[in-house]
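Peer 1: To start, I am sharing the structure in question, which I have written as structure tokens.
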Amino acid sequence: MGLKHKITKTDVDFAFRKTVDITPAFLQKHGIKGLILDVDNTLTTHDNPIPAEGITQWLENMKKNGIKLIIVSNNHAERVRPFADPLGLDFVSDSGKPLKRGYTAAMKKMGLSSEETAAVGDQLFTDVWGANFAKVRMLYVEPIELEPKSKRFIRFKRVLEKPFLPKKFVDDKKE
């Protein structure tokens, strides 16, 4: 990433087209032992209690390969718990992203350092900034879908994000 990304704290370490394209082998290669996961438009669509296609299997594969997983969300527990509990995932709700407190709490719960942790998310001004402020590696993923019209503020932020979005994706190179 260039200087504009360093200055604006919008630099990402790696970008993927989909969450399910992140592999345990990739994480192990980069010394990543735990993932801090966003929910909306990363693991499922907005306000949906059901994981997106392939996410349940992806989570099981991560667990099977010893990758620790936790959700960090700005949503209230009433939204996060019904999603996280059936998947066997711990979570930090009302996290205050992009502030680093949710990331710090998640790393403490996983028993991992920032060097062993990466964040997975789709929004620059919450997920990417939060990861950068917390000094964890950022694995950016493209949003699952465009937000519904009822999510006007997020749709507005998507317009502001465009100049800073990654142009190169790991899964395009088949690393």
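Peer 1: I'm trying to understand the selection: among the residues of the stretch 66-101, which are within 20 Å of Ser113 (Cα to Cα), of a type in the set (Lys, Arg) and without any contact (Cβ under 8 Å) to a residue 24 or more places away in the chain?
Peer 2: Arg101
Peer 1: Let me ask something additional. Can you tell me which residues in the stretch 22-48 are within 17 Å of Asp94 (Cβ to Cβ), touching a strand residue (DSSP E or B) at 6+ places or on another chain (Cβ under 6 Å) and not in a loop (DSSP other than H, G, I, E, B)?
Peer 2: Ile36, Leu37 - these are the residues of the stretch 22-48 that are within 17 Å of Asp94 (Cβ to Cβ), touching a strand residue (DSSP E or B) at 6+ places or on another chain (Cβ under 6 Å) and not in a loop (DSSP other than H, G, I, E, B).
Peer 1: A further question on this structure: Looking only at the stretch 95-112, filter to residues that are closer than 25 Å to Glu147 by Cβ and either assigned to a strand (DSSP E or B) or among the hydrophobic types (A, V, I, L, M, F, W, C) (or both); which one of those is modelled with the highest pLDDT?
Peer 2: Ala106
Peer 1: Additional query: Just to be sure I understand the filter: pairs with C-beta atoms under 6 Å, separated by 6 or more residues or on different chains, first member in the stretch 109-127 and in contact (Cβ under 8 Å) with a residue 24 or more places away in the chain and buried (at least 23 other Cβ atoms within 10 Å of the Cβ), second member in a helix (DSSP H, G or I) and of a type in the set (Phe, Trp, Tyr). Which pairs pass?
Peer 2: Leu124/Phe164
Peer 1: Could you run through the stretch 89-103 and say how many residues are over 23 Å from Leu59 (Cβ atoms) and surrounded by fewer than 20 Cβ atoms within 10 Å (Cβ to Cβ)?
Peer 2: Residues meeting the conditions: 3.
The values are calculated or read from the model by the stated rules, or taken from the named source; none is laboratory data. These figures come from a predicted structure and were not determined experimentally. A quick note on method: Cβ atoms are made from the backbone with ideal geometry, for glycine too, and the neighbour counts reach across all protein chains shown.
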